[in-house]
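The values are calculated or read from the model by the stated rules, or taken from the named source; none is laboratory data. Computed from a prediction, not measured in an experiment: that's the story for all the values here. Counting neighbours? That spans all protein chains shown, and the Cβs are built from the backbone with ideal geometry, glycine included. With ligands, DNA and RNA removed, areas are computed over all heavy atoms of the protein, side chains included. Shrake-Rupley method; radii C 1.70, N 1.55, O 1.52, S 1.80 Å.
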Amino acid sequence: MAKPKAGAGGAKPGSGSAAPAPAPGDDGGEIEMGDDAGSGSGSGSASGEGEIDMGAEDTPKEGDLNADLAADGGDGTDKPVKGDAPAPKLGDYQLSWRDIVTVIRKPFLKLKRTELRAMAGTTMNDNIVRHYAFGGELSYYLTDVLAIGLEGQYYQHQFREPFDLVARQARRLPTVNQYNFSGALNFHYVPVYGKFAVLDKKIVTWEVAFTAGIGALQSEVVPRDKRFGAFKSILISPNVGADMRFFLFKSLTINAGIRDYIFVDKFEPVNRSESMYPTADEAKAHADTSLINNVMFQLSVSLWLPTTFEYHTFR
Amino acid sequence: MNKHLITTLSVGLALQFAVSATPAFADDNAEPPAAAPARKPNKLDGQPAVRNRLLLVKGRAELTPLFESTINADFRHIVGGGAKLEYHFSDMFSVGVVGVFSTSIDTGLVKKIVPTLPMDHDPTKPREPTRTEFTQHLNSMPIHGAAYVSLTPWYGKLAAFSKAFVNFDFYFQAGVSFAQLKSSCDASICSDQHPGETTTNAAGDPVPPDDNPNNDAPLNNGARVGLYLAGGIHVFLKDFIALDLGVRDYAFSDNPSGADFNADLAVKKEDSRFLSHLFVGFGVSIMLPAKAKRTR
């Protein structure tokens, strides 16, 4: 006789009509599951008289989200159960309401967990210079949908085709700044979550998080004439964005999102020459300013600590 | 006799089957096999990931009025409206066409360059284009579109603010793009009939090229055919209405500035190169027939 799987449905082993005690709040009624083998949405299935095979061998592996989902899922034979079903016969195995999973619990909990995120990003909206950003973020989830985090990024830049074309074709040198590094204090809110099936085979859960934060960014002028010195500026930089997070394991997620870093940048004066603002300090004092929306596409991988979690509510 | 033989064979086969099907450790006194027993098959193995699922696209036509705009264009944003027509042969596979009529808006880069250019030629700066020369060499894209095949490998549900529960799917498309490019350079501006070529004058003497690409024709108009790649998401508000958000790349040969790219001081066909034209699109998909079927 197979043993019930621990925690996979709550059914008690044994034979006869020993039904589980009703859960608090239940009406105490029992459900006649009929002759359908495997009725109910749990992973258990009636297999013989007074026995229930809960599939002890199918205990989910630690950290395996798909195994958890499979354990929670039904076998596809969901049928309505009549509340006024006839009284059970001796020897019939009974299930209670609490054994029936109608809505599976969230497969990934973030409450009081720390997210360590390694990320890379690239500029989306600058046709002169493209920045590549590499960085990380440390976030703590106060609730399952609210988090506070600290991020830091290091930037590398690359001039795009128009940078050279404008110089060669229009005989104009673009005024360009490069970004060196940035940091921000961010707040995350997760209003959207869902799941999807990949090729009708594998279910992946995901969510959408909105982010708003405030931070600082170091910008550095790329002098049009290399004889003149560059100057750097530390700029206040609020940011807003949205991320999609895909849950792979209990301790690992991957993320893709867009973030808009907003700041007022200081650019090299257009009329800078040997006779006008030749030094970096003078140029900075007379810098042209402009509101910049640095929209970045970001990909990241997150490690979650602790690496696992426990549910504190009924399934 | 035959009946007896058949009966005997049947019983024999049944016994053979019973013996072979009996596990070696069925006898309590027998030793279990050294090898671990095979994993008990899970009843969910091989089953569909989702049952009783709404087939939101299979066997349906999709008509999507849409809006599109370039992302990060160099010289001119292309903004327009059009439609997408698609037929879904299965839950994952579909074919379709998309077409968009557009207008052009100068990018911030152009708006910064043009005011700094001279209105008329400065003889001391022969390579510097005038405002008219610069702007008339830029091209626009009044019509573009694609014919494609589409794969929808992901579908699912999402909950927004714990209130709205909607179906969605992700799709990926590949196909052939086409575009009608347009540039209009006045004959008085683009006056060089033989850019980069040595010609002869009336007296038969050779005339070297003027090495001025600013008076060459831009050669960046006409029809183009290229590659089309796209990805997007449907968010179903109803069984027959979905929001369609997508990113589309129409890649084909182009020279958006209409100027000399390869620094040979003349505008020629060689200045065109295979470029991505990245668009973001937003539309509302109407699925026909309006009623969706369900899986078992």
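Worth a mention:
- Residue check: residue A:171 meets all listed conditions (1) surrounded by 17 or more Cβ atoms within 10 Å (Cβ to Cβ); (2) free of Cβ contacts under 8 Å to residues at least 40 places away in the same chain but one, namely (1).
- Selected residue (criterion: surrounded by the most Cβ atoms within 10 Å (Cβ to Cβ)) from residues of segment B:126-166 that are in contact with a Phe, Trp or Tyr (Cβ under 7 Å, 6 or more places away or on another chain) and of a type in the set (S, T, N, Q): B:150
- Residue B:58 more than 20 Å from the chain's Cα centre (by Cα), within 12 Å of chain A (Cβ to nearest Cβ), in contact (Cβ under 8 Å) with a residue 60 or more places away in the chain and in a loop (DSSP other than H, G, I, E, B): yes
- Within segment A:296-306, at least one residue is surrounded by 15 or more Cβ atoms within 10 Å (Cβ to Cβ), small (Gly, Ala, Ser) and in contact (Cβ under 8 Å) with a residue 60 or more places away in the chain.
- Residue A:270 open to solvent by 50 Å² or more (accessible area, probe 1.4 Å) and touching a residue at least 40 places away in the same chain (Cβ under 8 Å): yes
- Among (1) touching a residue at least 12 places away in the same chain (Cβ under 8 Å); (2) loosely packed, with under 15 Cβ neighbours inside 10 Å; (3) more than 21 Å from residue A:176 (Cβ to Cβ), the one test that residue A:249 misses: (2)
- Scan segment B:83-95 for residues that are in contact with a Ser or Thr (Cβ under 8 Å, 6 or more places away or on another chain) and open to solvent by 10 Å² or more (accessible area, probe 1.4 Å) and the total you get is 7.
- Taken together, the residues in segment B:77-96 that are outside any strand (DSSP E or B) and among the polar types (S, T, N, Q) amount to 1.
- When every residue of segment B:97-110 is checked against the conditions, at least one turns out to be within 14 Å of chain A (Cβ to nearest Cβ), of a type in the set (Gly, Ala, Ser) and either in a loop (DSSP other than H, G, I, E, B) or open to solvent by 20 Å² or more (accessible area, probe 1.4 Å) (or both).
- Residue within segment A:217-229 that is over 30 Å from residue B:167 (Cα atoms), of a type in the set (Asp, Glu) and away from chain B (no Cβ under 14 Å) present: yes
- Matching residues, segment B:121-168, being more than 10 Å from chain A (Cβ to nearest Cβ) and aromatic (Phe, Trp, Tyr): B:148
- Which numbered condition residue B:266 fails, given (1) touching a residue at least 60 places away in the same chain (Cβ under 8 Å); (2) of a type in the set (A, V, I, L, M); (3) at negative phi; (4) touching a Lys or Arg at 6+ places or on another chain (Cβ under 9 Å): (4)
- Near pairs, Cβ below 8 angstrom, 6+ apart or cross-chain, from segment B:39-52 (without any contact (Cβ under 8 Å) to a residue 40 or more places away in the chain) to any residue that is part of a loop (DSSP other than H, G, I, E, B) and open to solvent by 80 Å² or more (accessible area, probe 1.4 Å): B:49/A:201
- Residue check, residue A:195 surrounded by fewer than 19 Cβ atoms within 10 Å (Cβ to Cβ), among the charged types (D, E, K, R), out of contact with any His (no Cβ under 9 Å at 6 or more places or on another chain) and within 14 Å of chain B (Cβ to nearest Cβ): no
- Residue among B:281, B:246 that is within 18 Å of residue B:80 (Cα to Cα) and touching an Asp or Glu at 6+ places or on another chain (Cβ under 8 Å): B:281
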